[in-house]
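See structure below.
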Amino acid sequence: MTDLKSQTPEEMTRTLMPMGEPAFRGKQVFTWLHRGVSSFDEMTNLPKSLREKLAETCVLTPPKAVCKQVSKLDGTIKYLWELGDGNCIESVLMQYHHGNTVCISSQVGCRMGCAFCASTIAGKVRDLSPAELLDQVIYTQKDSGLPISNIVLMGIGEPMDNLDSVLKFLELVNHPDGLNIGMRHISLSTCGVIPGIDRLADLGLQLTLSVSLHAPDGETRSKIMPVNRAYPVEDLFAACHRYFEKTGRRISFEYAMIDGVNDRDWQADLIAERVRGMPGHVNLIPLNDVVESPFKPSKRVAAFQKRLEVHGLTATVRRSLGGDIDASCGQLRRKAMEEQKGK
Ligand code: SF4
């Protein structure tokens, strides 16, 4: 079965021409799919015979919203989508003054093993296809009725571990005949997979690279992020500098503030030392107090922020959205998996 939705209009034309279809059909089908039709039958300007042929030869499995939580506090919406093969992923829609932002997943599960993350507990199941990445944007927009203007690849999974699909997705979502979301409205997050950062740097895309740093020293980082053993933090910063030199884009460093682990002044000083020479933005993330978690929220967020600012770094504290729903990455999927196990 052909995964038509993972194709560009040009590729769709090449798929459809051997069926005797004219060149313009590719663009027609592309536009329909990016509008969020759930069956070929809804493509009313296509001949019926073609619609039937596409239904027989192409896979079209729109995700099913199996759970939807809406925050009463700020309107944040969290979706648990069931994919064609029964696997589940999450997307979160956040409403900011600069527009509606959807945070999407890049894999079913994750193999990176970050100690503070629910998404990695059962490991990685599989990568998502470009179509499955795209569908999270299309169906979040369709279901919520809110136009999406920004995308962050910061949900379940490590985007650099599925980079071919992610790059294809970026091409599709950026396409003028589709959703046409500009690269400057897209952020891609990595836990520090250096070959991916270098590959992205060579492409020179104008998206925002976001690095989940969480500790500037190797000893602490290896304890909470096993990826540091494969790609040490010193090499990660070197890759960030190369990325900035090639793209001219400021990198955003994500930093979850954990009590007694990564919130000391010397760690703020070390961040500043390692960022020096490029513009950097540090986004401090206050932790939620989860009873079962060994990681407790730091009480030094403001002091840490000030220390970074003294060094001339831009540091912000992330506003926490969706405080009354399971809005942290992987929580909803994990809950659904546990419920299934209990049945
Ligand atoms: S934080 Fe991101 S990279 Fe780390 S385990 Fe969770 S999903 Fe994977």
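The values are calculated or read from the model by the stated rules, or taken from the named source; none is laboratory data. Worth saying up front: this structure is predicted, and the values here are computed from it rather than measured. Cβ atoms come from the backbone with ideal geometry, glycine included; neighbour counts cover every protein chain shown. These accessible areas exclude ligands, DNA and RNA; they are computed on the full protein's heavy atoms, side chains included. Shrake-Rupley method; radii C 1.70, N 1.55, O 1.52, S 1.80 Å.
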Report every pair of residues separated by at least 6 positions or lying on different chains whose Cβ atoms are under 8 Å apart, first residue within the range 44-56 and more than 17 Å from Thr2 (Cβ to Cβ), second of a type outside the set (Ser, Thr, Tyr). Asn45/Gln28
Pick from the range 104-125 the residues that are among the aliphatic types (A, V, I, L, M) and near the ligand (Cβ under 8 Å from one of its atoms): which of them is modelled with the highest pLDDT? Met112
Would you say Thr101 is modelled with pLDDT under 95, open to solvent by less than 30 Å² (accessible area, probe 1.4 Å) and not small (Gly, Ala, Ser)? no
Go through (1) open to solvent by 20 Å² or more (accessible area, probe 1.4 Å); (2) touching a Ser or Thr at 6+ places or on another chain (Cβ under 7 Å); (3) without any contact (Cβ under 8 Å) to a residue 60 or more places away in the chain and name the single condition Leu133 misses. (1)
Residues of the range 8-56 classified as under 26 Å from Ile148 (Cα atoms) and either open to solvent by less than 30 Å² (accessible area, probe 1.4 Å) or of a type in the set (Phe, Trp, Tyr) (or both), total: 13
Among the residues that make up the range 167-176, is at least one of them within 29 Å of Met12 (Cα to Cα), in contact (Cβ under 8 Å) with a residue 12 or more places away in the chain, touching a His at 6+ places or on another chain (Cβ under 9 Å) and open to solvent by 20 Å² or more (accessible area, probe 1.4 Å)? yes
Pick out, from the range 223-325, the helices (runs of 4 or more DSSP H) lying fully within it that include 3 or more residues that are at pLDDT 95 or above and open to solvent by less than 20 Å² (accessible area, probe 1.4 Å). 233-247, 265-275
Any chance you could count how many residues in the range 187-206 are away from the ligand (no atom under 16 Å from the Cβ) and more than 13 Å from Leu163 (Cβ to Cβ)? 2
